[in-house]
Amino acid sequence: MIKTIATQPFDGQKPGTSGLRKKVTVFQEPHYLENFVQSLFDAVDIIPGATLVVGGDGRYHNRAAIQIVLKMAAANGFSRIVVGRGGILSTPAVSHLIRSRKAFGGIVLSASHNPGGPDGDFGIKYNVGNGGPAPEKVTDSAFARTKDISAYRIVEASDIDLDKLGESRIETARIEIVDPVEDYATLMATLFDFPRIRALFASGFTMRFDSMHAVTGPYAVRILEGLLGAPIGTVINAQPLEDFGGGHPDPNLVHARHLYDLAMSPDGPDLCAASDGDGDRNLIIGKGQFVTPSDSLAILAANAHLAPGYRAGIAGIARSMPTSRAADRVAKALGVNFYETPTGWKFFGNLLDAGKITLCGEESAGTGSNHVREKDGLWAVLLWLDILAARKQSVREIVQDHWRTYGRDFYTRHDYEEVDAAAAEQLMKDLRARLAALPGQKFGAFEIASADDFAYHDPVDGSDSRNQGIRILLQGGLRMVYRLSGTGTAGATLRIYLERFEPRPEHHGAETQAALADLIALSTSLPDIPGRLKRDAPSVIT
Ligand code: VG1
Ligand code: CO
């Protein structure tokens, strides 16, 4: 029976860079999730016969939330709901299922790289029919709805058994529980030369893939150890756990430090890799060679034609604004389109749909292509493997060769996490007020060439997005970018992105933080970080 339940609006249900993220305890408040889901459904015109894809990263509260979403989707006019077994679907797998099933949309229950467990974070994001994150016009109208919502619709029914493959019903809606990996694995086999990668593993190539007890475990085991014949044990922490085994499923140099240390050790594997909570990020470290995500995008773009799925070449490359400019030079050399977008995958969707780009990426360990409309962690790892198999060179050789050809961008991101939100807002405001006066000003050896607040005009739908981060360019190819995170759940997080282009090969061997030391010092003194944020050092350096 469909019931209409009276409710009242909650404050702060504004989707950020990637959906709505809050503490689990907030999502557990009565009506909290329901209000947001109803607002999403109200923001889109659900057509008769519509299919919805639903899955999550397995974190605490995933199963309970999925039951609510199923009952609400059935009450709001969806005819078919496709759910991953156990409530498990990676973000890229949801994107693929939406596309292959010609679904109306999809819901991913995940707070991605944020920690999980009863005291951790939970999240929900909505994807539209192209498989990609809802564009701003959808999230804006859902947010508007959260402010005046007075009722939601839900079916009163018993819970669906999420662990049993096959079909059942809620009212007239068909619920289909599917294997979370199968369709995705089939897609990967069309893009990459699986026999060639299998031969690579058979020849003794060694790898460690850390699923961080998050969603990619089943995918990595099936594809790497199953289809590609990597030795059992190649994938570690493969069991998705509600609290990620107490870890923090963010594959960066802090939370995946053990992988870095392993890759740098004399008998480390040829390739170390990891993904995040919902499987859309990737970490790539070759033996003795860390690959920054920005370099990874550039290198994958320069070599993509070696993989069967990209043999015809790429139409273009897009990167988020704070991502280093390494990919720009590859686009130029290839003579293909190039776009610079605001942070967040939703901005790549139109470019991919319009065929203007084939590859895209972000400095935050996100890389992807037109095969889905999300970033895709395992895809990036497989493309690296295919390139390694084709070129018969090590990660280190490929990276250094790339730098020799294109130059190197020394790149780092310094995060000040959970700082006082008002102080961070004020810092950005004051910096913004100084932008017009900065060009021409000298700070020690540096001179500011230009400064602005990044705005993006979408060339496909004509929409404009402003205030997307402060860019300060210095003479000599250096850059500092400041922006506030849109994914945190406590206080504010200030991200400072720093880079310096170095064309001279004899200087490519420097250590990144040392190579950027002067720029780092300027980036903290210019807006007076220690005085305003009361922090002497960043909480995370990547
Ligand atoms: C961060 C990253 C951004 C990424 C977003 C979602 O956003 O910087 O590049 O798209 O997370 O990724 P922010 O606003 O905190 O800087 V995920 O893997 O958390 O969905
Ligand atoms: Co993620």
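Readers should treat all values here as calculations from the given coordinates under stated rules, not as data from a laboratory. Note that the coordinates shown come from a computational prediction; the quantities given were computed from them, not determined experimentally. Here Cβ is always computed from backbone atoms with ideal geometry, including for glycine, and neighbour counts include all displayed protein chains.
Here are a few things to note about the model shown:
- The H on the amide N of Asp409, modeled in the peptide plane, is under 5 Å from the matching H of Glu502, each at least 5 residues off or on a different chain.
- Taking the centroid of alpha carbons for each part, region 44-117 and region 288-303 are 32 Å apart.
- Region 222-287 versus region 149-215: alpha-carbon centroid distance in Å: 19 Å
- Sorted ascending by nearby beta carbons within 10 Å, beginning with the fewest, Asp183, Asp280 become Asp183, Asp280.
- With helices as the sole contributors, the chain gives -9000 deg cm²/dmol at 222 nm; each DSSP H run of n ≥ 4 counts as -39500 (n - 2.57), and the sum is divided by every residue.
- Largest-first ellipsoid semi-axes for region 363-426, taking √(5λ) over the Cα gyration tensor eigenvalues, angstrom: 33, 19, 10
- Given +1 at the Cβ of Lys and Arg, -1 at the Cβ of Asp and Glu and no other charges, the dipole of region 142-264 around its Cα centre is 420 debye to the nearest 20.
- Lys, Arg +1 and Asp, Glu -1 on Cβ, resulting dipole of region 336-406 about Cα centre, debye, nearest 20: 140 debye
- Residue order, fewest to most surrounding Cβ atoms within 10 angstrom, among Thr216, Thr489: Thr489, Thr216
- Cα convex hull, region 310-458: 169 Å³ per residue, rounded to a whole number.
- The chain: DSSP helices with Cα axial extent of at least 18 Å and average Kyte-Doolittle hydropathy no lower than 0.5: 62-75, 377-391
- Cα centroid separation - region 419-469 against region 364-392, whole Å: 32 Å
- Summary: within the chain, the longest segment free of trypsin sites (Lys or Arg not before Pro) located in DSSP loops with at most 11 other C-beta atoms within 10 Å is 165-310.
- Excluding same-chain neighbours fewer than eight residues apart, the lysines reachable from Lys534 by a Cα-Cα span under 22 Å are Lys429.
- Taking every DSSP bridge with both residues inside the chain, close to 70 percent are antiparallel.
- Relative contact order [Cα under 8 Å, 6+ residues apart], region 371-483, whole percent: 14 percent
- Amide proton proximity set for Ala50, modelled H, under 5 Å, gap of 5+: Ser79
- Calculated log₁₀ intensity ratio I(q)/I(0) where the Debye formula runs over C-alpha points of region 57-135, q = 0.17, 0.22, 0.25 Å⁻¹: -0.65, -1.06, -1.30
- Lys-Lys pairs in region 308-407 that are eight or more residues apart or on separate chains and whose Cα atoms lie under 24 Å of each other come to 5.
- Length-normalised contact order for region 295-404 - Cα pairs under 8 Å, 6+ apart - percent: 26 percent
- Given +1 at the Cβ of Lys and Arg, -1 at the Cβ of Asp and Glu and no other charges, the dipole of the chain around its Cα centre is 840 debye to the nearest 20.
- Dipole of the chain, positive direction: furthest Cα of Leu70, Tyr497, Asn237, with charges on the beta-carbon: Tyr497
- Multiplying each eigenvalue of the alpha-carbon gyration tensor of the chain by 5 and taking the square root yields semi-axes of 36, 29, 21 Å, largest first, rounded to whole angstroms.
- Per residue, the convex hull around the alpha carbon atoms of region 86-127 comes to 70 Å³.
- Structural descriptor for the chain: relative contact order 13 percent, calculated from alpha carbon pairs under 8 angstrom and at least 6 residues apart.
- Each of Met428, Met188, Met264 was scored by other Cβ atoms within 10 Å of its Cβ. Arranged with the fewest first, they read Met264, Met428, Met188.
- Prolate/oblate/rounded call for region 287-342, Cα gyration tensor, a/c under 1.5 rounded: oblate
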